[in-house]
Amino acid sequence: MVLEIYQIILLISIGGLVGISMSFIGQTGQGVVLPLILLITGDTLLAIAVNVLNDFIAAIPVAINYVRKKEFHLYKNVVILLAISVSTAFLGVYILMATQLNIIFGWFIPLFIIILGSTILNRGFPTAESLNKLVQKIRVKFNKQNSINSINEELKTTIEPYSKLFFILAAILGVFVGLNSGIFGASSGLIITIALIIIYGYPLKKGVGTAIILSMIMGIFTFSMFQVLGYQYTGQFYYNWTITLYLGIGTFFSALIFSNYVQRISAKAMGRGIGVIMIILGLFSLVFFFI
């Protein structure tokens with residue numbers, strides 16, 4: 001596929017935004033990548049597959065920073081969450097390939113992106129502080145207490161390991177992560193982080209670092225399933241190395257540079273910029289779908 005110069009510049013620029021987005025608690029680049037690839041190719045399944053692969057590329061430098069600082073830990077019981085997520089991701093890709101859902105997604109995804117962009121425009125990006133506040137609110141509901149840990153203290157789980165509630169929450173969040181990855185092509189790093197903190201008792205930074213690693217595993221598996229099931233049900237593979245190359249250049253180097261400093265950026269200001277871009281790309285994708 002031969003790209004125009006303006007398309008190459010746009011891909012690298014959008015990739016740069018994805019790198020910054022991933023640095024905010026593993027936030028997926030779905031909101032800007034999906035509508036852009038839909039505009040360029042008009043192929044919903046290809047757009048989702050490219051986003052999955054690009055989220056993996058974005059996670060590499062971010063994960064390196066967390067691993068270098070030893071801010072990760074792969075407990076054995078995390079396999080439960082990962083196994084449920086992987087199985088459900090397979091189901092999500094299967095639904096896309098074996099049904100007519102991907103046709104509906106041609107207009108649904110741009111509409112979804114417009115709504116999501118409006119939300120980010122209003123509230124900003126999730127940060128370590130906002131995530132910590134969300135976790136604290138959830139802990140209060142579980143404990144039914146007014147007092148909560150301070151931001152600087154390590155968060156401990158209120159869920160007894162291997163209890164009934166433990167398995168129920170792991171199953172619910174695992175299914176959500178899997179379907180989000182398989183159907184929408186999102187890395188779900190934020191949701192995995194919340195699961196690791198609430199269910200497994202991870203400290204915040206270790207939760208983020210571990211979630212990024214797990215989301216990378218999810219990304220490789222989901223992208224592979226797009227190729228296997230895509231060839232089986234549609235007779236084609238879903239990748240485009242040219243688009244991935246230029247998108248990945250912006251994504252990788254942006255994540256490498258900003259992952260150590262991105263939390264200093266105002267989430268509100270960053271959200272306004274990316275929110276506007278998401279709305280514009282979503283509107284263009286929606287208009288071109290009906291032309």
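Can you give me the relative contact order of region 5-290 as a percent, contacts being Cα pairs under 8 Å and 6 or more apart?
Taking the mean separation of contacting Cα pairs over the length of region 5-290, I get 42 percent.
So what J values fall out for region 12-28 if you push phi through Karplus, 6.51 cos²θ - 1.76 cosθ + 1.60 with θ = phi - 60°, rounded to Hz, Gly and Pro as x?
5, 5, 5, x, x, 5, 5, x, 5, 4, 5, 6, 7, 6, x, 4, 5
Can you give the translational diffusion coefficient of region 213-258 in µm²/s, computed by Stokes-Einstein from the Kirkwood radius over Cα pairs at 25 °C and 0.890 mPa s?
201
Expressed in nm to one decimal, what extension gain is obtained for the pair Ile217 and Ile103 from 0.36 nm per residue of sequence separation less their Cα-Cα distance?
Taking 0.36 nm per residue and subtracting the Cα distance, the gain is 38.3 nm.
I'd like the Karplus ³J(HN,Hα) series for region 249-257: coefficients 6.51, -1.76, 1.60, θ = phi - 60°, whole numbers in Hz, and an x wherever there's a Gly or Pro.
Ordered by residue, 3J(HN,Hα) equals 4, x, 5, 4, 6, 5, 5, 4, 7 Hz.
Taking the chain as the reference, fit the longest principal axis to its C-alpha atoms, fit the long axis of helix 101-123 to the helix C-alpha atoms, and give the angle between the two in degrees, 0 to 90, nearest 10.
Helix 101-123 and the main axis of the chain meet at about 50 degrees.
In bins 10 Å wide, starting from 0, what share of all Cα pairs of region 5-290 does each bin hold, as a percent?
7, 29, 36, 21, 6, 0
What does the net charge come to around Ser130 if you take all other residues with beta carbon closer than 13 Å to its beta carbon, with K and R at +1 and D and E at -1?
Summing Lys and Arg as +1 and Asp and Glu as -1 gives +3.
List the lysines whose Cα sits under 19 Å from the Cα of Lys268, skipping any in the same chain fewer than 8 residues away.
Lys133
Could you work out how far apart the two model spin labels at Asn77 and Tyr261 are, taking each label as a point 7 Å from the Cα in the direction of the beta carbon, and quote it in nm?
Label-label distance for Asn77 and Tyr261, simple model: 4.1 nm.
With r as the distance between the Cβ atoms of Ile64 and Ser118 and R0 = 30 Å, compute the FRET efficiency 1/(1 + (r/R0)^6) and round to 0.05.
The pair Ser118/Ile64 has a calculated efficiency of 0.35.
If I model a spin label at Val2 and Tyr162 as a point 7 Å from the Cα along the Cα→Cβ vector, what separation in nanometres do I get?
Roughly 6.3 nm, to one decimal.
No value in this document is a laboratory result; all are computed from the given coordinates. It should be emphasised that the depicted structure is a prediction, and the values quoted were computed from it without experimental measurement. We place every Cβ from the backbone using ideal geometry, glycine too, and count neighbours over all the protein chains shown.
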